[in-house]
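See structure below.
The values are calculated or read from the model by the stated rules, or taken from the named source; none is laboratory data. Keep in mind that what you see is a predicted model, and the values were worked out from it rather than measured. In this analysis, Cβ positions are derived from the backbone assuming ideal geometry, glycine residues included, and neighbour counts consider all displayed protein chains.
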Amino acid sequence: MSNQLGEVQARLGTVNELASVVTAMRGIAAARTREALAHIPGVRACADQIGAAIADALTLALPGAGDLPTSPRSRGVAIQIVIGTEQGFVGTFNHRVMQAAQIAAAGDVEYFVIGDRAQRVAGEFGYPLSWSAEMVVHANAVPDLAGRVVNALYRRLQGGNISRVTLVHGAPEPQSGAAVITTSLLPFDFQRFEPANRPYPPIVNLPARQLLERLAEEYVYTQVCEAIVLSFAAENEARMRAMIAARRNIDDTSERLTGDYHRLRQEQITAEIIELSTVDGASGRSAHTTVPTDQVVVTPALSPSNRYS
């Protein structure tokens, strides 16, 4: 009985320590989600400024998507940039992202996968990785990672035989916790920007084609930045939900162990009381043992005359 009680007490202590860890992880995930979402307005404002510059530059020339030397060809290998998680405790987040990448895939595909855990899941899906990188653990590291992704992408484009480039990543959603978004990066769609209506064309120092090429590269960079920030927020949102579910299970386990502890403790106390009662009963019987008749001493009664002498 005492061994069982000790085991339950030890497990209860472990569960309480685990509850503290889970609570801390949930708080960190919530803080990082807020940190990531705070960067979204700035990234989108930068994209709007670059988009306005593209609209101005389009008044100088209206090229087709294939006019840029960095634009993919109509035929060739497709590249998918898949952004997952660096760490675990995110439920099925990485699997959902990989499934979305699988749906978007057509023909020959090369994968740029971001995130250590995402790379493991990509291996389970059998995706051929041509480039990989670690996912950020703080939102301040997003610009550096986006620059590495864009540089690797354009180095691969210079090798030729690329038809298109697609970006697959997560995004936070209040209801489900995370949505998966698929965005086409290249060929670059200039038709989404309406040329600016200005009485005079903008003053530029570069040829229109080169200017549009560089602006398109900058816009792609902002798209990658936004995708990384959104994926980072979705990752921590998924982790926060996983920790909430874990804490709920921990509370149920703690309640069950507490009940087992009280029950075993009550059984132990009851057994001790029964044992003490049995010992007391045996002691009581030995105290009233009959004395043998041959050991009885009879004292003669005093006569009336001697009682008051």
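Among the criteria (1) touching a residue at least 12 places away in the same chain (Cβ under 8 Å); (2) out of contact with any Cys (no Cβ under 6 Å at 6 or more places or on another chain), the one GLN210 does not fulfil is (1).
Note on region 44-71: residues that are modelled with pLDDT of 80 or more, in a loop (DSSP other than H, G, I, E, B) and under 14 Å from GLN191 (Cβ atoms) total 1. Of everything listed in (1) within 25 Å of THR33 (Cα to Cα); (2) modelled with pLDDT of 90 or more; (3) among the acidic types (Asp, Glu), the single unmet condition for ASP252 is (1). For region 135-161, what are the residues that are surrounded by fewer than 18 Cβ atoms within 10 Å (Cβ to Cβ), small (Gly, Ala, Ser) and part of a helix (DSSP H, G or I)? Passing the criteria: ALA141, GLY147, ALA152. May I ask you to list the residues in region 1-24 that are under 31 Å from the mean Cα position of the chain (by Cα) and among the acidic types (Asp, Glu)? Answer for region 1-24, where residues must be under 31 Å from the mean Cα position of the chain (by Cα) and among the acidic types (Asp, Glu): just GLU17.
Looking at region 42-50, can you tell me whether even one residue there is buried (at least 16 other Cβ atoms within 10 Å of the Cβ), of a type outside the set (A, V, I, L, M, F, W, C) and more than 30 Å from ASP260 (Cβ to Cβ)? For region 42-50, residues buried (at least 16 other Cβ atoms within 10 Å of the Cβ), of a type outside the set (A, V, I, L, M, F, W, C) and more than 30 Å from ASP260 (Cβ to Cβ): absent. Selection of first residues in region 32-55 that are farther than 18 Å from MET135 by Cβ and of second residues that are among the acidic types (Asp, Glu) and assigned to a helix (DSSP H, G or I), restricted to Cβ pairs under 6 Å at least 6 apart or on distinct chains, gives the following pairs, ordered by first then second residue: ILE50/GLU218. Under the condition of being of a type outside the set (S, T, N, Q) and closer than 13 Å to GLN223 by Cβ, the residues counted in region 172-191 number 5.
Would you check if ARG164 is modelled with pLDDT under 95, out of contact with any Asp or Glu (no Cβ under 6 Å at 6 or more places or on another chain), of a type in the set (Lys, Arg) and surrounded by 13 or more Cβ atoms within 10 Å (Cβ to Cβ)? Show your work before the answer.
On the way: modelled with pLDDT under 95: yes; out of contact with any Asp or Glu (no Cβ under 6 Å at 6 or more places or on another chain): yes; of a type in the set (Lys, Arg): yes; surrounded by 13 or more Cβ atoms within 10 Å (Cβ to Cβ): yes.
Considered against the rule, which asks whether it is modelled with pLDDT under 95, out of contact with any Asp or Glu (no Cβ under 6 Å at 6 or more places or on another chain), of a type in the set (Lys, Arg) and surrounded by 13 or more Cβ atoms within 10 Å (Cβ to Cβ), ARG164 comes out as yes.
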